[in-house]
């Protein structure tokens with residue numbers, strides 16, 4: 001389901017990009033629910049979920065028709081967790097900003113859809129049997145409660161061009177509802193890792 005949604009999202013984002021075409025293929029490995037990032041930024045879920053995330057995606061060429069907002073690149077990717085907890089698919093825009101020759105900074109923003117948990121049942125509800133209390137407590141301690149399936153997806157990356165076709169990025173990806181898609185629970189997921197980018201044609205960014 002999540003892979004089919006990723007394919008549909010990729011097709012949609014590239015279609016919405018108009019004249020832009022697929023420019024880059026992305027693959028990455030991330031620490032899932034990186035507590036050292038979430039703790040520092042105040043965005044994480046207290047290291048509830050474990051494992052690694054494998055990210056596969058696509059990025060468009062720069063969208064020159066959208067020059068008023070800096071000619072961003074459109075992206076879409078799927079993130080699959082090795083511990084079979086919270087997978088997600090995301091799509092959005094990012095802006096490569098050159099720092100030095102071959103080195104760039106890339107902020108981005110998008111939307112995500114997760115198959116993770118939302119609205120976990122309270123542990124302290126009256127009349128619960130001990131077994132049900134333990135089940136709910138285990139969920140509370142081991143799963144992120146996103147509050148909403150639809151989430152915001154800000155990201156930051158620091159990258160370098162290694163060859164004319166291959167680049168590498170140190171990447172941070174965050175997903176949470178921002179108390180806009182849902183009011184109340186706003187536990188987020190922070191992923192920190194490395195992704196490799198393969199340019200399908202002459203590099204235009």
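The values are calculated or read from the model by the stated rules, or taken from the named source; none is laboratory data. Just so it is clear, the model here is predicted, and its values are computed rather than measured. Quick reminder, even Gly has a Cβ in these numbers, built from the backbone with ideal geometry, and neighbours come from all protein chains shown.
Residue-level analysis places residue 189 outside the set of residues that are touching a helix residue (DSSP H, G or I) at 6+ places or on another chain (Cβ under 9 Å) and free of Cβ contacts under 8 Å to residues at least 60 places away in the same chain. Are any of the residues in segment 76-83 surrounded by fewer than 21 Cβ atoms within 10 Å (Cβ to Cβ), modelled with pLDDT under 95 and farther than 22 Å from residue 51 by Cα? No - not one qualifying residue is present in segment 76-83. Among the residues of segment 47-63, not one is out of contact with any strand residue (DSSP E or B) (no Cβ under 7 Å at 6 or more places or on another chain), modelled with pLDDT of 90 or more and farther than 12 Å from residue 82 by Cβ. With respect to (1) surrounded by fewer than 17 Cβ atoms within 10 Å (Cβ to Cβ); (2) within 17 Å of the chain's Cα centre (by Cα), the lone exception for residue 112 is condition (1). Taken over segment 160-196, the residue count meeting the criterion of being within 18 Å of residue 85 (Cβ to Cβ) and either part of a strand (DSSP E or B) or modelled with pLDDT of 95 or more (or both) is 9. Residues in segment 125-149 that are on the phi > 0 side of the Ramachandran plot and within 33 Å of the chain's Cα centre (by Cα): 147 only.
The criterion of being under 27 Å from residue 103 (Cβ atoms), under 18 Å from the mean Cα position of the chain (by Cα) and touching a residue at least 24 places away in the same chain (Cβ under 8 Å) does not hold for residue 165.
Inclusion of residue 106 among residues that are touching a residue at least 40 places away in the same chain (Cβ under 8 Å), surrounded by 14 or more Cβ atoms within 10 Å (Cβ to Cβ), in contact with a strand residue (DSSP E or B) (Cβ under 6 Å, 6 or more places away or on another chain) and farther than 18 Å from residue 185 by Cα is warranted.
Checking the stated criteria, residue 6 turns out to be part of a helix (DSSP H, G or I) and modelled with pLDDT under 95. For residue 52, the conditions (1) surrounded by fewer than 19 Cβ atoms within 10 Å (Cβ to Cβ); (2) farther than 17 Å from residue 193 by Cα all hold with the exception of (2). Step by step: first the residues of segment 110-131, then only those that are closer than 29 Å to residue 80 by Cα and outside any loop (DSSP other than H, G, I, E, B), then the one that is modelled with the lowest pLDDT. Which residue is that? Restricting to residues being closer than 29 Å to residue 80 by Cα and outside any loop (DSSP other than H, G, I, E, B), the top hit is 117.
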